[in-house]
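Trainee: Once you've had a glance at the structure underneath, I'll fire off some questions.
The values are calculated or read from the model by the stated rules, or taken from the named source; none is laboratory data. If you're wondering where the values come from, they're calculated on a predicted model, not measured in any experiment. We place every Cβ from the backbone using ideal geometry, glycine too, and count neighbours over all the protein chains shown.
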């Protein structure tokens, strides 16, 4: 009757809001941090910092290329710009990323919102290409958090790391933890994490797809007795070569899981590394196939692209069975 929107305080926050509140925390502690957005202050939650520190947030309008070049100019003069742009919109600034940031190795942090399949916004808004189109660029660090705490730690690392451009991609929608205001700490660049050990199959995931992979791995263990290892790679570039060497020495089938096109992303990176280092496991790549993903709800589209929990579970069982033949 009042028209007031009710919020569930026990519900996990949206990734964009975790980003917005975390950036404000960091900016209050580091006066070199500035925020940049291209006409999407509320859509990226850059508005949270804009409301509290308006002189340090710049909305450049619908001009993603200018946003990136402007960020490069600020970084050149000693600032730490955080440039928040939707994944599909960042495609418009590809030349600017290369020429105005990466060549100069400038410390610009790209906060890539709406990464992966986004659902009802349709084919033009799915952020499925960024892992592939960014991986080819020298000097660029590329990471994706599996949960809210990982996102906070990556943002903290980006503003404190003594290195060049840093891309952090995260999805549309809610995370998994209502208690997301965790203490932040710097994490090692290019280092992933073994979440579960096992010798039958090795599952390598990046980003929140780790949650679907974890559920599928537990199901395969419970229903089929398959001991699958699970690695959260965290960084696509530089990729964790120690973890890849550990996986290669196991000699078991490998399954890569990513919320992006499988051509050129994590699956391609793992396949290339294994080939270059003399390992030849059977590798199954789970990701968006070579198609434009249509409009639909995220669970429907995950099923369509064979990226849901069932698809990962079936891939684990099939890889294990084929390996045992």
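Trainee: Kindly indicate whether any position in the range 165-172 is more than 13 Å from the chain's Cα centre (by Cα), surrounded by fewer than 20 Cβ atoms within 10 Å (Cβ to Cβ) and not assigned by TED's automatic domain parsing to the domain that holds residue 280.
Mentor: Checking the range 165-172: not a single residue is more than 13 Å from the chain's Cα centre (by Cα), surrounded by fewer than 20 Cβ atoms within 10 Å (Cβ to Cβ) and not assigned by TED's automatic domain parsing to the domain that holds residue 280.
Trainee: Further question on the same structure: If residue 202 passes every condition in (1) within 21 Å of residue 116 (Cβ to Cβ); (2) in contact with a strand residue (DSSP E or B) (Cβ under 7 Å, 6 or more places away or on another chain) but one, which one does it miss?
Mentor: Unmet for residue 202, out of (1) within 21 Å of residue 116 (Cβ to Cβ); (2) in contact with a strand residue (DSSP E or B) (Cβ under 7 Å, 6 or more places away or on another chain): (1).
Trainee: Among the residues of the range 72-95, write down those that are in a loop (DSSP other than H, G, I, E, B) and without any contact (Cβ under 8 Å) to a residue 40 or more places away in the chain. Break it down stepwise before answering.
Mentor: As a first pass, look at the range 72-95 and keep what is in a loop (DSSP other than H, G, I, E, B): 77-79.
Matches in the range 72-95: 77 only.
Trainee: Let me ask something else. Being surrounded by fewer than 18 Cβ atoms within 10 Å (Cβ to Cβ) and either at negative phi or out of contact with any strand residue (DSSP E or B) (no Cβ under 6 Å at 6 or more places or on another chain) (or both): is that true of residue 160 here?
Mentor: yes
Trainee: Residue under question is residue 65, and the condition is that it be assigned to a helix (DSSP H, G or I) and either assigned by TED's automatic domain parsing to the domain that holds residue 164 or free of Cβ contacts under 8 Å to residues at least 12 places away in the same chain (or both); does it hold?
Mentor: For residue 65, the condition - assigned to a helix (DSSP H, G or I) and either assigned by TED's automatic domain parsing to the domain that holds residue 164 or free of Cβ contacts under 8 Å to residues at least 12 places away in the same chain (or both) - is met.
Trainee: Can you tell me which residue in the range 73-96 is surrounded by the most Cβ atoms within 10 Å (Cβ to Cβ), limited to those that are under 22 Å from the mean Cα position of the chain (by Cα) and closer than 20 Å to residue 157 by Cα?
Mentor: Looking at residues that are under 22 Å from the mean Cα position of the chain (by Cα) and closer than 20 Å to residue 157 by Cα, I get 83.
Trainee: Right, something else. Among the numbered criteria (1) surrounded by 24 or more Cβ atoms within 10 Å (Cβ to Cβ); (2) more than 20 Å from residue 150 (Cα to Cα), which one does residue 19 miss?
Mentor: Evaluating residue 19 over (1) surrounded by 24 or more Cβ atoms within 10 Å (Cβ to Cβ); (2) more than 20 Å from residue 150 (Cα to Cα) leaves (2) as the failure.
Trainee: If you don't mind, another one. Under the condition of being at pLDDT 95 or above and in a loop (DSSP other than H, G, I, E, B), which residue from the range 298-325 is surrounded by the fewest Cβ atoms within 10 Å (Cβ to Cβ)?
Mentor: 306
Trainee: Could you check residue 123 against (1) within 20 Å of residue 263 (Cβ to Cβ); (2) out of contact with any helix residue (DSSP H, G or I) (no Cβ under 9 Å at 6 or more places or on another chain); (3) surrounded by 17 or more Cβ atoms within 10 Å (Cβ to Cβ) and say which number it fails?
Mentor: Just one mismatch for residue 123, condition (3).
Trainee: For the range 220-231, does any single residue satisfy the condition of being under 27 Å from residue 16 (Cα atoms) and at pLDDT 95 or above?
Mentor: Among the residues of the range 220-231, at least one is under 27 Å from residue 16 (Cα atoms) and at pLDDT 95 or above, which makes the answer yes.
Trainee: Just one of the numbered conditions (1) touching a helix residue (DSSP H, G or I) at 6+ places or on another chain (Cβ under 6 Å); (2) in the same structural domain as residue 40 (by TED's automatic domain parsing); (3) part of a loop (DSSP other than H, G, I, E, B) is not true of residue 151; which one?
Mentor: Result: residue 151 fails condition (3) only.
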